[in-house]
Amino acid sequence: MSEDLDKRKKKVLQAIIEEYIETAEPVSSNNLVKELECSSATIRNEMAELEKIGFIEKTHTSSGRVPSQKGYRYYVDELIRDDKLSKKEMEIIRDRLSTKVNDLEDLTKIATTTLSEITHYTTITIGPDVNNHTIVDIKFVLLGSRVLMAVILTDSGIIRESIIKFDEDINQDQVEDLTYLFRNKLVGKPLEQLNAPLEDFIMTEIKTGINIIKKVIAEINKIIRESQQIYLDGANKVFDMPEFKKVDVAKDFLNVLDAKDLVADVLNTGVAEDIKIYIGEETEKEELKNFSIVTFNHLLAGKDIGTIGIIGPTRMDYSKVISVMKYISKKINDDFKNGKI
């Protein structure tokens, strides 16, 4: 941020933004007199200066001011607090995250739902990119004479499953062959190393029919390519907010949710264990110009367990969102260290 605001301008800007986040109404100097313990004239002067440098804007329907995207950016970079959680909200988070899960992806889903519940915004989560996760087990289960289930387990507790259907019968002896050979080749290897040599190796060793092997390899590669799953929660919550009473904004939001890859692209640019905030046009995507996105990439013991993003209006309660994200992340990591996960 090029501008360096003095202490009073910072207080005025913070007060304007937090008042506007709370009320969704343009803020006048009279709104801030009691909080800032300054005269209305002094506050007006500071507001005029903030408007001149582009941190706040005048609306057409009121004498009050609203934050600009530039003002929001200064706020999240310089002024935001990350302790905006009540004891009750902390208890809710602890309760939700204490739910027993079968794998870490279930935990990510619970975190996604909890984040939406506390903040009242829409959450979109991308499952982990498992390419750098190491395979610890792979097995095949015969479900019928021509149906097989492949199960891959990684060192981070991520499980991938696929149902494979064949045009010819297979038997239990062939399934045992598959399990033995694939385990020998894949266990202890990162998923990203699975490529053409896998097929070459298997073809020279396996006694099972080539068509069966090719089908299994194709499905395993498909599991890897489609490893990132997208979860959505709280899509209806934002429509209670004033911004979404405008038909064009509501329509844009529905289009964004329908084309989840738009938000997925933003979530995939995050840095490990780093909260990222994209305000309006900062996403460089026309469809997202009226919205803000906050993302956080969760690492557990150095492994990616998914990226959570919150999407809402630029008048988002950034302080609450960041506070919840940090508390959820801390709780998950503490529980992991204490053997509760």
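The values are calculated or read from the model by the stated rules, or taken from the named source; none is laboratory data. Source: prediction; values computed, not measured. A quick note on method: Cβ atoms are made from the backbone with ideal geometry, for glycine too, and the neighbour counts reach across all protein chains shown.
Out of (1) of a type outside the set (A, V, I, L, M); (2) modelled with pLDDT of 75 or more; (3) closer than 16 Å to I310 by Cα, what's the single condition that is false for N268? Status for N268: all satisfied but (2). Out of curiosity, is Y327 touching an Asp or Glu at 6+ places or on another chain (Cβ under 9 Å) and modelled with pLDDT of 90 or more? The answer is yes for Y327.
Are any of the residues in the stretch 253-263 among the polar types (S, T, N, Q) and at pLDDT 85 or above?
Of all residues in the stretch 253-263, those among the polar types (S, T, N, Q) come to 255.
Those still in the list that are at pLDDT 85 or above too: none.
No; the residues of the stretch 253-263 include none that is among the polar types (S, T, N, Q) and at pLDDT 85 or above.
Scanning the stretch 294-341 for residues that are surrounded by fewer than 19 Cβ atoms within 10 Å (Cβ to Cβ) and in a helix (DSSP H, G or I) yields a total of 7.
Beta carbons closer than 7 Å, at least 6 apart along the sequence or on distinct chains, pair a first residue in the stretch 136-151 that is farther than 12 Å from S162 by Cβ with a second that is surrounded by 14 or more Cβ atoms within 10 Å (Cβ to Cβ) and among the charged types (D, E, K, R) for V136/D155.
Take the stretch 1-38 and flag every residue that is hydrophobic (A, V, I, L, M, F, W, C), in a helix (DSSP H, G or I) and free of Cβ contacts under 8 Å to residues at least 40 places away in the same chain. The answer is V12, A15, L32, V33, L36.
Every condition in (1) crowded, with 19+ Cβ neighbours inside 10 Å; (2) part of a helix (DSSP H, G or I); (3) at pLDDT 85 or above; (4) of a type outside the set (D, E, K, R) holds for T113 except the one numbered (1). Note on the stretch 162-174: residues that are in contact (Cβ under 8 Å) with a residue 40 or more places away in the chain and either touching a strand residue (DSSP E or B) at 6+ places or on another chain (Cβ under 9 Å) or closer than 13 Å to E219 by Cβ (or both) total 4.
Yes/no matrix, rows are residues, columns are (1) assigned to a helix (DSSP H, G or I); (2) modelled with pLDDT of 65 or more; (3) touching a Ser or Thr at 6+ places or on another chain (Cβ under 6 Å); (4) closer than 25 Å to H120 by Cα:
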| position | (1), (2), (3), (4) |
| --- | --- |
| F201 | yes, no, no, no |
| N211 | yes, yes, no, no |
| K214 | yes, yes, no, no |
| I217 | yes, yes, no, no |
| N221 | yes, yes, no, no |
| I224 | yes, no, no, no |
| S227 | no, no, no, no |
| A235 | no, yes, yes, yes |
| F239 | yes, yes, no, yes |
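Could you identify the single residue in E51, E57, E78 that is out of contact with any helix residue (DSSP H, G or I) (no Cβ under 6 Å at 6 or more places or on another chain) and under 30 Å from N333 (Cα atoms)?
Working: E51 fails: under 30 Å from N333 (Cα atoms); E57 fails: under 30 Å from N333 (Cα atoms).
Going through E51, E57, E78 in turn, the sole match is E78.
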